[in-house]
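The values are calculated or read from the model by the stated rules, or taken from the named source; none is laboratory data. This one's a predicted model, so the numbers in the text were calculated from it and none came from an experiment. Positions of Cβ are generated from backbone atoms using ideal geometry, with glycine treated the same way; all protein chains shown enter the neighbour counts.
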C-alpha cells in the first residue's frame with residue numbers, strides 16, 4: 001500500500017477521534033449545565049420545573065407500565081423455561097435463583113427498560129424539542145429570559161431517571177412473577193422456595209449497581225436526546241435526522257456504559 005493511503009487513513013482516524021472527543025465533551029457540558037441550572041434556579045421557577053418533571057414521569061414512566069409489564073412477563077417466563085429445560089441436563093437445577101438474579105435483575109431489567117424508554121419517550125422528546133427549535137420556540141424562551149436548559153432539559157433529565165428506576169422495579173417484579181409461574185407449572189416449585197432462592201443470590205451490590213445504572217442510563221438518554229434536538233438548525237428535515245441520531249447514540253452509549261459498569265463492579269467485587 002502506498003504512503004498516500006496510510007496518510008489518508010491516519011488523517012481520517014484522527015478526524016474521527018477528535019470529532020468523537022468534541023461530541024462527548026459537548027454532551028458532558030450540557031449535563032453539567034443542566035445540573036448547574038437546577039441549583040441556579042432552585043427557587044425561581046421551581047414550581048414550573050416540578051410540574052414539567054411530573055408530566056415527564058407520567059408520559060415516560062406511568063404510560064409505559066403496560067408494555068414494560070408484558071415484556072417483563074415474557075422475558076422472565078422464557079428465561080425460566082429455557083433454564084428448566086437445560087439445567088437438569090447440566091446438573092444445575094439448583095441455580096434457578098442465580099439465573100434470575102443475573103439474567104433479570106443485574107442485566108435485563110435496567111437494559112431492556114432503557115431500550116423501551118429510548119424507543120418510546122426518547123424519540124418523542126427529540127421530535128418535540130426539534131420542532132420547538134425549528135419553529136423558534138426555543139429562541140422565544142430565551143427572549144423572555146427563560147433558560148431552555150432549565151425549562152426543557154432539566155425536567156427531561158429528572159423525569160427519565162425517575163421513570164427508568166421505577167420501570168426497572170416493575171420489570172423485575174413482573175419478570176420474577178412470570179418466572180415463578182412457569183417454575184410452578186414445570187417443576188412444581190413453591191413460591192417461598194422460589195423467592196428464597198432469589199433472595200439468597202441477591203446481594204447489596206446488585207441493588208446498588210441497578211440503581212446506579214438507572215441513574216446513569218436516564219442521564220445518558222435524556223442528555224443525548226436533548227443535545228441532538230437543540231443542535232439542529234431551522235429546517236423541519238433535520239428533525240427526523242436528529243431523532244435517529246439521538247436514538248442510535250443513546251442505545252450505543254447505554255450498552256457501552258452497561259458493559260463498563262458490569263465489568264468494573266463485578267470484577268472488582270470478585271477480586272476483593
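Pick out the one residue from 171, 236 that is at pLDDT 85 or above and touching a helix residue (DSSP H, G or I) at 6+ places or on another chain (Cβ under 7 Å).
Answer to the check: 171.
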### Residue in the range 220-238 that is nearest to the chain's Cα centre (by Cα), counting only those that are in a helix (DSSP H, G or I) and surrounded by fewer than 21 Cβ atoms within 10 Å (Cβ to Cβ)
230
#### Entry: Condition check for residue 78: modelled with pLDDT of 90 or more, surrounded by 12 or more Cβ atoms within 10 Å (Cβ to Cβ) and assigned to a helix (DSSP H, G or I)
no
### Query
Can you tell which of 163, 183 is surrounded by 14 or more Cβ atoms within 10 Å (Cβ to Cβ) and under 23 Å from residue 253 (Cβ atoms)?
163
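Looking at residue 189, is it out of contact with any strand residue (DSSP E or B) (no Cβ under 7 Å at 6 or more places or on another chain), more than 29 Å from residue 126 (Cα to Cα) and either in a helix (DSSP H, G or I) or modelled with pLDDT of 85 or more (or both)?
Answer is no for this residue.
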### Query
Regarding residue 154, is this residue under 23 Å from the mean Cα position of the chain (by Cα), closer than 29 Å to residue 260 by Cβ and assigned to a helix (DSSP H, G or I)?
yes
#### Entry: Residue that is assigned to a helix (DSSP H, G or I), modelled with pLDDT of 80 or more and within 19 Å of residue 215 (Cβ to Cβ), where the choices are 72, 122
122
### Query
Filtering the range 20-33 down to residues that are more than 18 Å from the chain's Cα centre (by Cα) and surrounded by 12 or more Cβ atoms within 10 Å (Cβ to Cβ), which residue is farthest from residue 159 (Cα to Cα)?
23
